[in-house]
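Each remark here refers to the structure printed beneath this line.
What follows is calculated from the coordinates using simple rules that are stated; it is not laboratory data. Values in this document were obtained by computation on a predicted structure and should not be read as measured data. Cβ sites come from the backbone with ideal geometry, for glycine too, and all protein chains shown count toward neighbours.
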Amino acid sequence: MRRGGFLAFAAAGMLAGCGRLGDTLTESPLIHRILAAPERLDLALLGAGQPLAREYTARDLSPVFRRNGFDPPSDERYVHWSRSGWLGYRLFVRGLVERPQSFSLYELRNRFARRDQITRHDCVEGWSVIGKWSGPRLGDVLSVCRPTPRAKFVVFHCMDDDNQGTRYYESLDLRQAYHPQALLAYALNDQPVPVENGAPIRLKVPTQLGYKSAKYVQAIELVPSLGGAYGNGGYWEDQGYEWYAGV
Ligand SMILES: Nc1nc2c(c(=O)[nH]1)N[C@H]1C(S)=C(S)[C@@H](COP(=O)(O)O)O[C@H]1N2
Ligand SMILES: [Mo]
């Protein structure tokens with residue numbers, strides 16, 4: 001069923017036959033969400049019901065969260081931000097969304113519910129570390145930007161590069177992006193994400209291999225397809241790694 005159709009169906013079902021409950025329901029945050037965001041309920045449902053990565057406890061935390069990948073961005077702008085509490089940094093959401101916009105770190109902390117999760121990070125090189133990640137759900141941030149029905153993939157544009165001018169990037173499909181454990185993390189082990197681990201914002205997708213969890217995210221772009229202008233969906237995918245990297 002198309003998104004709009006599904007929503008109309010769901011909303012009608014919830015509103016019909018409510019009778020005396022009607023007043024209570026119009027007070028309910030769920031109804032407000034549905035009425036305020038007519039494209040969103042189906043996307044949230046799309047994310048639900050997927051297998052979850054195992055969550056651990058504080059006792060399981062690795063003493064050191066290893067770092068891997070390219071050097072942190074070295075451009076002046078990034079270095080300046082990193083020394084001034086990330087003032088000036090904004091995360092952009094653009095492409096196939098009704099409301100393209102950008103978010104400061106402050107907005108990401110305050111406009112969205114904070115999720116905490118202790119999960120294992122598995123690198124394709126064969127090592128794992130357990131860390132606690134905090135931040136809004138990626139899906140929550142996407143929802144306020146309202147992906148259009150043509151949006152099928154979510155591309156993460158990063159600020160670091162391979163020292164030869166090619167920037168890191170990654171992508172997920174919309175279902176993976178709405179996975180309840182897919183976070184835009186601003187904290188690692190209750191501290192702001194360190195520069196080495198992708199400050200100020202990095203994606204954390206514990207259901208997929210480490211290279212999917214893009215660090216140093218600058219912009220999130222919703223696109224209709226991968227391939228062509230969008231490459232194979234990631235820096236490492238362009239070197240032959242699998243786009244789908246479930247663990
Ligand atoms: N922007 C960016 N994201 C990246 C990488 C990178 O080099 N650049 N490396 C990936 C790989 S292979 C891994 S294992 C993890 C490492 O994350 P960490 O440095 O926090 O351990 O980030 C992933 N995301
Ligand atoms: Mo990795």
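For H121, the residues whose modelled amide H falls within less than 5 Å of its own, excluding neighbours fewer than 5 places apart on the same chain, are V129, I130, G131.
Does the range 58-239 classify as rounded, prolate or oblate by the C-alpha gyration tensor (a ≥ b ≥ c root eigenvalues; a/c under 1.5 gives rounded; else a/b over b/c gives prolate, otherwise oblate)? The shape class here is rounded. Note that the range 229-240 has calculated 3J(HN,Hα) couplings of 4, 9, x, 8, x, x, 4, 6, 4, 5, 9, x Hz, one per residue in order, obtained from phi through the Karplus relation 6.51 cos²θ - 1.76 cosθ + 1.60 (θ = phi - 60°); glycine and proline are x. How high is the FRET efficiency from N232 to D71, r the C-beta distance, R0 25 Å, rounded to 0.05? Approximately 0.60, to the nearest 0.05. Cross-link partners for K152 among the lysines, with Cα-Cα distance under 28 Å and sequence neighbours closer than 8 places in the same chain left out: K204, K212, K215.
Only aspartates and glutamates eight or more places from K132 in sequence, or on another chain, were considered; those with a Cα closer than 13 Å are E55, D60, D116, D190. Extension gain for the segment S225 to H80, taken as residue separation times 0.36 nm less the Cα-Cα distance, is 48.7 nm to one decimal.
In terms of its C-alpha gyration tensor, the range 139-205 has an oblate overall shape, because the principal axis ratio a/c (a ≥ b ≥ c, square roots of the eigenvalues) is not below 1.5 and a/b does not outweigh b/c. Counting only Cβ charges, +1 for Lys and Arg and -1 for Asp and Glu, the dipole size of the range 151-247 around its Cα centre is about 300 debye.
Treating r as the C-beta distance of R94 and D60 and R0 as 41 Å, the FRET efficiency rounds to 0.65.
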